[in-house]
Amino acid sequence: MGDNAGSNRKFARQGRAWPDLRDELQRRRAGDLEWNDLSNLKAAYDAGEDVARVAWEAYTLFRGDNLLYGNLLYPSLPAMADKVVGMVLELLNAPDAAGGTMTSGGTESIILAVKAARDQARAMRPMTGPGEIVVARTGHAAFNKAADMLGLRVVRVPTDRDFRADPSVMAAAINDNTVMIVGSAPPYPVGSVDPVAELAALAARHRLWLHVDACVGGFFLPFARDLGEPVPDFDFSLAGVTSMSVDLHKYGYVSRGASLLLVRDRALGDFQRFSFDDWPTGAFTTMTIAGSRPGGAVASAWAVMNYLGYEGYRDRVETILKVRRLLTAEVDRIDGVRVLGRPMAGILGIGGDGVPDMAAVRDGMTAKGWRFGPLVDPAGMNLLLNFRHGAIVDPFAADLEATIAEARAGKLARSRGQASYGS
Ligand SMILES: Cc1ncc(COP(=O)(O)O)c(C=O)c1O
């Protein structure tokens, strides 16, 4: 719980001058990693100084404005949010009836999708138990968080050897209580894209809600496909896809606190909406979990998308694809490790293939200054690449090779076994 202990648990009686506070803030972050330091291979979505400036300046312009009161006070905010939703719906081949909501992040988009699917199922048919959602092992933990909050059960099923959802295993897990099946494009661990076309056919056959989690791929895969990558169908062009989560604050390069939940048909918003009016301040209706919502996130999304345009995003994806290919070649060259699955986006999973203790290699790479996510099953590393990471290909590969040699020579300490996604 941070530094909330002992003498720190004191609310200053008197305020302090901003320059003094600013100095202290600088000192406090002295031990933090610079977010876009090249060693940071854990979700540092850097698209360049210019893009970051647009994202932050746009955010700051609208720093006091609240999307919750958009229609009353700040009509430019819902208007810009509409434009952002519209641009992404076009990118993902959505039909005219489709709609969407800006949310605070991928987790909120996912929770809202699960809520909508649950409430639609309850409205459509009698249920004999808590609703269930069927998710491949690789699907994001946010589906379990959603189920936990919404009184549902998650049925996790194994993937195929390439870490992709296996439609026949998913099919076998469906029962009368299933309210949703999930595909990810791609899931976070290694970046293989689930066979969404087959999941869409499955969903259509069972008349089930299919959510496609494109939090990390929504702003990547369309451009990768345009550049000739063999990206399988994953979006609203498949009739069975009901909803999609797409994060603006990942490869959309928008200031944090920005994602989209998109639905094939705006009418599905009835199941997403929360309304209440039996209190003293009038009707309260929201499409989100959050009440107050930062206007800055909306402005940032609108500004960055218009600044980069389709071609700006495609250029960055092109560079990241090159980086991924170079790094893949280097990793595959090193005896004892390999790239896992069939990466399609900016994610790379590295696993061991004959290294005595891959978790110790992971710790060894951390000790050499690299920052990345862990993989625990199989043991390995999870990297998220950005367009500046061309510069790390050689040093990363050299350190990996050296660390594996240390592991083989018995020079690495046994892994302390700390493997956590975040916090
Ligand atoms: C595939 C996928 N889904 C969902 C999420 C959750 O997003 P957030 O951290 O914005 O809540 C992530 C985060 O990396 C993700 O990669």
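The values are calculated or read from the model by the stated rules, or taken from the named source; none is laboratory data. Everything numeric in this text was worked out from a predicted model, so none of it was measured. Cβ sites come from the backbone with ideal geometry, for glycine too, and all protein chains shown count toward neighbours.
Out of the residues in the stretch 269-299 meeting the condition of being assigned to a loop (DSSP other than H, G, I, E, B) and hydroxyl-bearing (Ser, Thr, Tyr), tell me which one is nearest to Ser255 (Cα to Cα).
Taking the candidates together, the pick is Ser292.
Suppose we filter the stretch 166-185 for residues that are touching an Asp or Glu at 6+ places or on another chain (Cβ under 7 Å) and either within 16 Å of the ligand (Cβ to nearest atom) or not assigned by TED's automatic domain parsing to the domain that holds Trp209 (or both); how many remain?
The qualifying residues number 4.
Across the stretch 104-125, which residue is farthest from Met180 (Cα to Cα) among those that are assigned to a loop (DSSP other than H, G, I, E, B) and within 12 Å of the ligand (Cβ to nearest atom)?
Of everything passing the filter in the stretch 104-125, Ser104 is farthest from Met180 (Cα to Cα).
Kindly list, by first and then second residue, each pair from a residue in the stretch 171-190 that is within 12 Å of His206 (Cα to Cα) to a residue that is within 11 Å of the ligand (Cβ to nearest atom) and part of a strand (DSSP E or B), limited to pairs with Cβ atoms under 7 Å and residues at least 6 apart or on different chains.
Met180/His211
Criterion first (among the β-branched types (Val, Ile, Thr) and within 16 Å of the ligand (Cβ to nearest atom)) does Val155 satisfy it?
So Val155 fails the test.
Within the group Gly105, Gly99, which residue is surrounded by fewer than 23 Cβ atoms within 10 Å (Cβ to Cβ) and touching a Leu at 6+ places or on another chain (Cβ under 8 Å)?
Criteria check complete, one pass: Gly99.
Restricting to the stretch 364-373, what's the tally of residues that are under 21 Å from the mean Cα position of the chain (by Cα) and either more than 16 Å from Gly422 (Cα to Cα) or surrounded by fewer than 21 Cβ atoms within 10 Å (Cβ to Cβ) (or both)?
Residues flagged as under 21 Å from the mean Cα position of the chain (by Cα) and either more than 16 Å from Gly422 (Cα to Cα) or surrounded by fewer than 21 Cβ atoms within 10 Å (Cβ to Cβ) (or both) within the stretch 364-373 amount to 1.
Does Ser76 satisfy the condition of being at pLDDT 95 or above and in contact with a strand residue (DSSP E or B) (Cβ under 6 Å, 6 or more places away or on another chain)?
no
Among the residues of the stretch 210-221, is there at least one that is crowded, with 24+ Cβ neighbours inside 10 Å and in a helix (DSSP H, G or I)?
Scanning the stretch 210-221 turns up at least one residue that is crowded, with 24+ Cβ neighbours inside 10 Å and in a helix (DSSP H, G or I).
So for the stretch 193-209 (the condition being surrounded by fewer than 17 Cβ atoms within 10 Å (Cβ to Cβ), hydrophobic (A, V, I, L, M, F, W, C), in contact with a strand residue (DSSP E or B) (Cβ under 7 Å, 6 or more places away or on another chain) and assigned to a helix (DSSP H, G or I)), does at least one residue qualify?
For the stretch 193-209, residues surrounded by fewer than 17 Cβ atoms within 10 Å (Cβ to Cβ), hydrophobic (A, V, I, L, M, F, W, C), in contact with a strand residue (DSSP E or B) (Cβ under 7 Å, 6 or more places away or on another chain) and assigned to a helix (DSSP H, G or I): absent.
Does Glu401 satisfy being modelled with pLDDT of 95 or more and over 28 Å from Phe223 (Cα atoms)?
yes
Out of the stretch 334-357, which residues are in a loop (DSSP other than H, G, I, E, B), touching a strand residue (DSSP E or B) at 6+ places or on another chain (Cβ under 9 Å) and surrounded by fewer than 21 Cβ atoms within 10 Å (Cβ to Cβ)?
Within the stretch 334-357, Gly336, Arg342, Asp353, Gly354, Asp357 meet the criteria.
Any idea which residue in the stretch 2-52 is modelled with the lowest pLDDT, counting only those that are part of a loop (DSSP other than H, G, I, E, B) and at positive phi?
Step by step, filter the stretch 2-52, then rank; the result is Gly2.
Quick check on the stretch 95-102. Is at least one of its residues in contact with a Phe, Trp or Tyr (Cβ under 9 Å, 6 or more places away or on another chain), more than 16 Å from the ligand (Cβ to nearest atom) and modelled with pLDDT of 95 or more?
Yes - at least one qualifying residue is present in the stretch 95-102.
Can you work out which of the residues in the stretch 186-226 that are of a type in the set (Phe, Trp, Tyr) and out of contact with any Lys or Arg (no Cβ under 8 Å at 6 or more places or on another chain) is nearest to Gly341 (Cα to Cα)?
Here the residue is Tyr188.
Report yes if Gly410 is among the small types (Gly, Ala, Ser), assigned to a loop (DSSP other than H, G, I, E, B), within 18 Å of Glu34 (Cα to Cα) and out of contact with any Gly (no Cβ under 6 Å at 6 or more places or on another chain), otherwise no.
no
Just checking, does the stretch 58-65 include any residue being in contact with a helix residue (DSSP H, G or I) (Cβ under 8 Å, 6 or more places away or on another chain), among the polar types (S, T, N, Q) and in a loop (DSSP other than H, G, I, E, B)?
no
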